[in-house]
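This report refers to the structure that appears directly beneath it.
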Amino acid sequence: MEVSFDKQVRSLRLGAGDTFHGEGILAITKALLQSGVAYVGGYQGAPVSHLLDVLVQARDYLAELGVHVEACANEASAAAMLGASIHYPVRGAVTWKSIVGTNVAADALSNLASPGVRGGALIVVGEDYGEGASVIQERTYAYALKSSLLLFDPRPELAHMVRVVEQAFALSEATNMPAILQLRIRACHVRGSFACSNNLAPAISARGMLEAPASFDYSRLAHPPVTFGHEKLKTEKRLPAARRAIVERGLNEWLPGRRDDIGLIVQGGLYNSVVGALASLGLSDAFGAGELPMLVLNVTYPLVPEQLRDFCLGKRAVLTIEEGHPAYIEQELQATLRKLDVQTAVHGKDVLPMSGEYTVEVLARGLADFVDTAAPGIDVAPGRQWLAAVDEARASVARTLGGSLPSRPPQFCIGCPERPTFAALKLAQRRIGDVHVAADIGCHSFATFEPFSIGHSILGYGMSLASRAGVSPIMKRRVLAVMGDGGFWHNGLLTGVQSALFNRDDAVLLIFKNGYTSATGTQEIISTPDDAIKAAATDKTQSLVAQNHVIERTLQGLGVQWLRRVDSYDVEHMRRTLEEAFTTDFDGLKVIVAEGECQLERQRRVKPWRAARRKAGKRFVRVKYGVDEDTCSGDHSCIRLSGCPTLSVKPSSDPLKVDPVATVLDGCVGCGLCGSNAHAATLCPSFYRGEVIVNARWIERVADRFRRTVIGMLQPA
């Protein structure tokens, strides 16, 4: 049972006269339909997962419009979809998480940008940069720069963002350049409203099909010798056309200020934070009206030299506010002004940090330094006082705690099937010795945190087995690669398994088969239990992933000879299997498939099932684990081995026990890991398994009363 987006799907049907209310990413989704998009694809990833998730669930409505939507195997396959717009006047959009997704898609993007497009082609990327990011800290700008792609970075206001989407398609068609729409985390989640337009059914679509393909035209291929001509087209026609269109359509915004001797050149996506910083310094109101004029770059590539010149003329200094490194915009501004003999001083990374997210506080500090340097007559004392108060509050907390705030690293969900597997790996290493572990992108990367601290490298989604290829030859002990089923289908099957088999590598691969691409929002994949399996399950509490054997059949079809399937929650069995994989005489790739359904998806199925049975008066059993306080020794090795958030400590009621004892909190989902760990690691026998019977049968009630009576008689008064 996947997450329902019924409310969001209904909002896509809004038309002229209606007002949309919601988040930025859903507004972008609506804007695609208002722009007459004919096909949409992509690969999920924060912060843009919502876009594809909603459209996949809106397939019935999209079919009415003739819009095709496809959840792609990876970002490269999504980018390749845009090839439809090379020959045909159809608008297409794809989406993924950047920068990692853009890295994967780079080959297709280069080959798309070379011949150019006839129909508008838009890539919606989630610019996962800054404090809330989950990937390496790089930016999309370099790809726009190297491949001559339009790069939009809209001011985070819903009506404006929707207009930019519509203009991005138009500009892509006018210049034959694919376009990238860059959305930061804050832009995706900003809330607001806008006046809707009617959705446009594309003229050429799944409902209005072409009678024949386009005539063969070699110049539309990204293949020599025409690629040499494509390069000239980029510089001589496409980029000049883009610059003209940016000016004619007013895509960049020149916002006036009371002063004209200094100014700000701002990436559009940073506008809201800049206004917040200016307001904190007393230089503007909450809506941005104030002292300093701003040139808001809603299109950050290509830049328009004449527009930059006109803004800077007559000013002593300008501050370029560009997040991250390298400072592409600042460097181009410097070069442009010097070529045009404009002597305005350019500031940027000299007063703002070279890297990291530009929050309101960071911007306020940089803006204050810029004003002190370029216009010392402006009073920013109120802002300095606010910043000093922030510093004092932070120092006060540190003094109270005796240090800085403790880190709160992410963890596996309660009952996650991956936690017991890493517990088994810790136990196995006690016997076979430490092993090199090539980790991967996904939920399982949480094992790099305490209490496991497992994983030596992360080289990309599904790249773990490939990344250990250089390590295996220099290790006396076999190397372990870990990946999820999402990573397996994304990249691991070809770059890892196929390569290891071809090279006859002696390695161990552990695949977490939890049934979903869990880290990106539990989207379904080819190895997800299908609806028929879910419907046929008589006990909805059981894991269903074991009934889908696509991964195993694929591995066997490729030639994997050593293959084991193990229940993730059976720690002892998993420990023995891992030890076997590292000690067997078999020379070749050894694959262990750890089967355990994603606990989030399992609970989404289990909770409604239990609620329905409870309401109908039907019997069901809920498992709960606990700790016998009298038996618990208080050494807490059970906690160090599992790290489950519901396995905690409490003060002992026994006055002779100084140390706190272990306890299981109410959030327990009954996965059984604590007891399984205690058995596999020969820990103290303090865990007990209880069964809570709801709507018990009459004979069970009678038996329960009898037991309570006997126990009461045996207890002391």
(request) Specify which of the listed residues (606, 571, 591, 545) is in contact with a His (Cβ under 9 Å, 6 or more places away or on another chain) and either among the aliphatic types (A, V, I, L, M) or closer than 30 Å to residue 429 by Cβ (or both). (result) 571
(message) For the structure I just gave you, tell me whether residue 186 is outside any strand (DSSP E or B), at pLDDT below 95, in contact with a Gly (Cβ under 6 Å, 6 or more places away or on another chain) and of a type outside the set (A, V, I, L, M).
(response) no
(message) From the list 197, 193, 219, exactly one residue is of a type in the set (Gly, Ala, Ser), buried (at least 16 other Cβ atoms within 10 Å of the Cβ) and in contact (Cβ under 8 Å) with a residue 40 or more places away in the chain. Which is it?
(response) 197
(message) Could you tell me how many of the residues in region 558-579 are open to solvent by 70 Å² or more (accessible area, probe 1.4 Å) and either in a helix (DSSP H, G or I) or among the aliphatic types (A, V, I, L, M) (or both)?
(response) 2
(message) Return the residues of region 436-461 that are closer than 18 Å to residue 133 by Cβ, in contact with a strand residue (DSSP E or B) (Cβ under 9 Å, 6 or more places away or on another chain) and part of a helix (DSSP H, G or I); say none if nothing qualifies.
(response) 443, 445, 448
(request) Quick one: which residue in 595, 629 is touching a helix residue (DSSP H, G or I) at 6+ places or on another chain (Cβ under 6 Å) and either open to solvent by 20 Å² or more (accessible area, probe 1.4 Å) or among the acidic types (Asp, Glu) (or both)? (result) 595
(request) Output the helices (runs of 4 or more DSSP H) that fall wholly within region 10-125 and possess 3 or more residues being more than 29 Å from residue 227 (Cα to Cα) and not acidic (Asp, Glu), or say none. (result) 24-34, 49-57, 59-65
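Rundown of residues vs (1) out of contact with any Pro (no Cβ under 9 Å at 6 or more places or on another chain); (2) farther than 30 Å from residue 284 by Cα, yes/no style:
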site: 395; (1), (2): yes, no
site: 403; (1), (2): yes, yes
site: 408; (1), (2): yes, yes
site: 412; (1), (2): no, yes
site: 425; (1), (2): yes, yes
site: 440; (1), (2): yes, yes
site: 454; (1), (2): yes, yes
site: 460; (1), (2): yes, yes
site: 464; (1), (2): yes, yes
(message) Of everything in region 415-435, what is in a loop (DSSP other than H, G, I, E, B) and either crowded, with 23+ Cβ neighbours inside 10 Å or out of contact with any helix residue (DSSP H, G or I) (no Cβ under 7 Å at 6 or more places or on another chain) (or both)? Give them in sequence order.
(response) 415, 416, 417, 433, 434
(message) Under 6 Å between Cβ atoms, which residue pairs at least 6 apart in sequence (or on different chains) link something in region 444-468 that is surrounded by fewer than 20 Cβ atoms within 10 Å (Cβ to Cβ) with a partner that is among the hydroxyl-bearing types (Ser, Thr, Tyr) and modelled with pLDDT of 95 or more?
(response) 457/467; 459/467
(request) For region 697-708, indicate whether the set of residues that are touching a Lys or Arg at 6+ places or on another chain (Cβ under 9 Å) and modelled with pLDDT of 85 or more is non-empty. (result) yes
(message) Can you say whether residue 138 is out of contact with any Asp or Glu (no Cβ under 9 Å at 6 or more places or on another chain), outside any helix (DSSP H, G or I), acidic (Asp, Glu) and at pLDDT below 95, as far as the supplied structure shows?
(response) yes
(request) Please identify the pairs in which a residue from region 57-76 that is aromatic (Phe, Trp, Tyr) has its Cβ atom under 8 Å from the Cβ atom of a residue that is in a helix (DSSP H, G or I) and open to solvent by less than 30 Å² (accessible area, probe 1.4 Å), counting only partners at least 6 apart or on another chain. (result) 61/9; 61/12
(request) Identify the single condition in (1) open to solvent by 40 Å² or more (accessible area, probe 1.4 Å); (2) within 24 Å of residue 543 (Cα to Cα); (3) of a type in the set (S, T, N, Q) that residue 642 does not satisfy, given that it satisfies every other one. (result) (1)
(request) Please tell me if residue 269 is open to solvent by less than 10 Å² (accessible area, probe 1.4 Å), touching a residue at least 60 places away in the same chain (Cβ under 8 Å) and under 26 Å from the mean Cα position of the chain (by Cα). (result) no
(request) Can you run down the residue pairs with Cβ atoms below 9 Å, 6 or more apart or on separate chains, where the first is in region 150-174 and open to solvent by 40 Å² or more (accessible area, probe 1.4 Å) and at pLDDT 95 or above and the partner is in a loop (DSSP other than H, G, I, E, B) and hydroxyl-bearing (Ser, Thr, Tyr)? (result) 166/35; 166/197
(message) Being modelled with pLDDT of 95 or more and either closer than 17 Å to residue 568 by Cβ or buried (at least 21 other Cβ atoms within 10 Å of the Cβ) (or both): is that true of residue 519 here?
(response) no
(message) Looking at region 378-400 only, could you name the residues that are within 17 Å of residue 363 (Cβ to Cβ) and among the acidic types (Asp, Glu)?
(response) 391
(request) Please state which one of 113, 84, 73 is open to solvent by 20 Å² or more (accessible area, probe 1.4 Å) and at pLDDT 95 or above. (result) 84
(request) Please go through region 469-508 and pick out each residue that is closer than 21 Å to residue 586 by Cβ, open to solvent by 30 Å² or more (accessible area, probe 1.4 Å) and either in a strand (DSSP E or B) or of a type in the set (S, T, N, Q) (or both). (result) 498, 499, 503
(message) Take the residues in region 356-412 that are within 30 Å of residue 643 (Cβ to Cβ) and touching a residue at least 12 places away in the same chain (Cβ under 8 Å); name whichever of them is surrounded by the most Cβ atoms within 10 Å (Cβ to Cβ).
(response) 412
(message) Quick check on this structure: which one of 263, 276 is outside any loop (DSSP other than H, G, I, E, B), touching a Cys at 6+ places or on another chain (Cβ under 8 Å) and either on the phi < 0 side of the Ramachandran plot or surrounded by fewer than 22 Cβ atoms within 10 Å (Cβ to Cβ) (or both)?
(response) 263
(message) Please verify whether residue 244 is open to solvent by 50 Å² or more (accessible area, probe 1.4 Å), closer than 23 Å to residue 167 by Cβ, in a helix (DSSP H, G or I) and basic (Lys, Arg), treating the condition exactly as stated.
(response) yes
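The values are calculated or read from the model by the stated rules, or taken from the named source; none is laboratory data. None of these values were measured; they are calculated from a predicted model. No Cβ is skipped: glycine too gets one built from the backbone with ideal geometry, and neighbour counts run over all protein chains shown. When the accessible area is computed, the model is the full protein with side chains, heavy atoms only, and any ligands, DNA or RNA have been set aside. Shrake-Rupley method; radii C 1.70, N 1.55, O 1.52, S 1.80 Å.
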